[in-house]
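The values are calculated or read from the model by the stated rules, or taken from the named source; none is laboratory data. None of the values given here were measured: they were computed from a predicted structure. A quick note on method: Cβ atoms are made from the backbone with ideal geometry, for glycine too, and the neighbour counts reach across all protein chains shown. These accessible areas exclude ligands, DNA and RNA; they are computed on the full protein's heavy atoms, side chains included. Shrake-Rupley method; radii C 1.70, N 1.55, O 1.52, S 1.80 Å.
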Amino acid sequence: DQICWLEAALAAARFLKDRYAEARHLGNLGLAYTDLGEPKRAVELHQAYLALSRELKDRWAESYAHGYLGLAYEALGRSRTAIKSYEQQLAIAREIGDRRGEGNALGNLGEAYESLGDIERAIQLYEQSLEIDREIKDPQGEVTDLSNLGFAYHSLGQSSRAFDLFAKAIDLAREMGYRRGEAEVSWNYGIACEKLGDLEHAI
């Protein structure tokens, strides 16, 4: 349903020759196709979004186009290619002073490195993302960072540290009424408990 609306919006933007709206709708369509489990189509749309952003000299949009491409490449299992996209997103975000974009790029880089088994590098990136999210007062981002750190420390066998981070993330999510975040962290916490054989706690 979302794709139907976005395709109509894209067609309208092209009819009106509103290039900025066209770029925005290309990016949103790409995200929708990633969510739908069609990352190849998402890559095509994000590449078009990136090209148009460059044509418009919109550095903010270009930064996010790189980030969206990274998400699609990761969905394809191409983590190393995703890292290149995230690094370009990070460089532009720093250039234009987009702290939120910088934090997003660092978090995404952390997930990509974690998928490659470089847990220590992932932790460094998650901690940088957490620092930025706290600085810009983005509690939802902070919940995600804490959860990611928890899973990373669990992968290193540091369960006590991991469980402390999960608990902090859940407390913060509940405090702000962030139900989706609370559910996602609880899920990660449960998986960690299950891997340790603590099935009762996992349930």
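List the lysines whose alpha-carbon lies under 28 Å from that of Lys57, not counting same-chain residues fewer than 8 positions away? Within reach: Lys17, Lys40, Lys84. Taking all protein chains as shown and a probe of 1.4 angstrom, Ser186 keeps an accessible surface of around 50 Å². Using a cutoff of 8 angstrom between alpha carbon atoms and counting only pairs six or more residues apart, the relative contact order for the stretch 27-66 works out to 34 percent. Of the residues Asp35, Asp138, Asp18, ranked by 1.4 Å probe accessible area with the largest first, the sequence reads Asp35, Asp18, Asp138.
Rounded to the nearest 20, the size of the Cβ-charge dipole of the chain about its Cα centre is 680 debye, with Lys and Arg at +1 and Asp and Glu at -1. In terms of its C-alpha gyration tensor, the stretch 6-63 has an oblate overall shape, because the principal axis ratio a/c (a ≥ b ≥ c, square roots of the eigenvalues) is not below 1.5 and a/b does not outweigh b/c. Specify whether the C-alpha gyration tensor of the stretch 1-123 places it in the rounded, prolate or oblate class, a ≥ b ≥ c being the square roots of the eigenvalues: rounded for a/c under 1.5, otherwise prolate if a/b is larger than b/c and oblate if not. Oblate. Less than 25 Å apart at the alpha-carbon level, and either on another chain or at least 8 residues along: which lysines does that give for Lys168? Cα-Cα hits under 25 Å: Lys137, Lys195. Ordered from highest to lowest accessible area with the whole protein assembly present and a 1.4 Å probe, Leu36, Leu149 read as Leu36, Leu149. Positive end of the dipole of the stretch 58-203 (Cβ unit charges, origin at the Cα centre): among Ala75, Ala162, Asn104, the Cα lying farthest that way belongs to Ala75.
For Trp60, the solvent-accessible surface with a 1.4 Å probe is about 130 Å², rounded to the nearest 10. Separation of the stretch 36-66 from the stretch 179-203 is 35 Å, based on Cα centroids.
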